[in-house]
1. Filtering the range 65-103 down to residues that are touching a residue at least 24 places away in the same chain (Cβ under 8 Å) and closer than 17 Å to Thr137 by Cβ, which residue is most open to solvent (accessible area, probe 1.4 Å)?
2. Could you list, in sequence order, the residues of the range 117-153 that are open to solvent by less than 30 Å² (accessible area, probe 1.4 Å), small (Gly, Ala, Ser) and within 15 Å of Val44 (Cα to Cα)?
3. Would you say Ala22 is outside any strand (DSSP E or B), within 30 Å of Thr175 (Cα to Cα) and touching a Leu at 6+ places or on another chain (Cβ under 7 Å)?
4. Taking the stated definitions as given, is Thr57 touching a helix residue (DSSP H, G or I) at 6+ places or on another chain (Cβ under 6 Å), within 30 Å of Asn145 (Cα to Cα), open to solvent by less than 40 Å² (accessible area, probe 1.4 Å) and modelled with pLDDT of 90 or more?
5. Residues in the range 35-53: is at least one farther than 26 Å from Ile154 by Cβ and either open to solvent by 60 Å² or more (accessible area, probe 1.4 Å) or part of a loop (DSSP other than H, G, I, E, B) (or both)?
6. Among Lys32, Lys9, which is loosely packed, with under 15 Cβ neighbours inside 10 Å, of a type in the set (Lys, Arg), in contact (Cβ under 8 Å) with a residue 12 or more places away in the chain and touching a helix residue (DSSP H, G or I) at 6+ places or on another chain (Cβ under 8 Å)?
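The values are calculated or read from the model by the stated rules, or taken from the named source; none is laboratory data. Quick caveat, the model's predicted, so the values are computed rather than measured. Because the Cβ atoms are built from the backbone with ideal geometry, glycine has one as well, and the counts that use them run over all protein chains shown. Calculation scope for accessible area: heavy atoms of the full protein, side chains included, ligands and nucleic acids excluded. Shrake-Rupley method; radii C 1.70, N 1.55, O 1.52, S 1.80 Å.
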Amino acid sequence: MAMPVFPTKGNLINTKKSLSLAKLGFDLMDRKRNILIREMVSLVDKAKSIRGEIESTYAQAYKALQSANITMGVIDNIANGIDVETGVHITYRSVMGVEIPKVSLQSTLSAKAYGFMDTNSQFDLAYASFEKAKELTVVLAEVENSVCRLANEIKKTQRRANALHNIIIPQFEDTIKMISERSGRSSAA
């Protein structure tokens, strides 16, 4: 449906300018959507591989922890003596206006946060496995959060592109057609 405008030459020129801007906006939205999709697909592939690695690392860690519990007895007192990690830092980078987190881990714990006297190699293996799982979890959190943010932005961009393509551009085209037809009739009379 054409927008209600008076069929003047000035309105025709303005509507043609608006139409060209709307088409340019649609092209830019389409490019943005394609770039975001490409970025998201690469991150989804990365997330799949990290998830597989995390599963095997946790399985190994819990198996080693179980062995440590069996050989040393319940090790709650040793586990409670290890400090909580506070070295996770988040910064952001922008991809087409979308803030993507960059999560880094700089461990605040000492190399061995427990004594060697009351532990054995199974406990060392469990500790090392959980350290590796912690590092992988940080990477996975970054990747999955990025995927969610990109997916939300892709939806928004798609909605805007669809609005331009299916509503705004056809309205401008109808308005140009209406003005051109009325201008043609009035000059023929």
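1. Looking at the filtered set, the residue picked out is Lys102.
2. The one that is open to solvent by less than 30 Å² (accessible area, probe 1.4 Å), small (Gly, Ala, Ser) and within 15 Å of Val44 (Cα to Cα): Ser146.
3. Values: outside any strand (DSSP E or B): yes; within 30 Å of Thr175 (Cα to Cα): yes; touching a Leu at 6+ places or on another chain (Cβ under 7 Å): yes.
Against the criterion (outside any strand (DSSP E or B), within 30 Å of Thr175 (Cα to Cα) and touching a Leu at 6+ places or on another chain (Cβ under 7 Å)), Ala22 qualifies.
4. Numbers: touching a helix residue (DSSP H, G or I) at 6+ places or on another chain (Cβ under 6 Å): yes; within 30 Å of Asn145 (Cα to Cα): yes; open to solvent by less than 40 Å² (accessible area, probe 1.4 Å): yes; modelled with pLDDT of 90 or more: yes.
Criteria met by Thr57.
5. Just the residues of the range 35-53 that are farther than 26 Å from Ile154 by Cβ, to begin with: 53.
Imposing the further condition that a residue be either open to solvent by 60 Å² or more (accessible area, probe 1.4 Å) or part of a loop (DSSP other than H, G, I, E, B) (or both) reduces the set to 53.
Within the range 35-53, one or more residues are farther than 26 Å from Ile154 by Cβ and either open to solvent by 60 Å² or more (accessible area, probe 1.4 Å) or part of a loop (DSSP other than H, G, I, E, B) (or both).
6. Details: Lys32 fails: loosely packed, with under 15 Cβ neighbours inside 10 Å.
The conditions single out Lys9.
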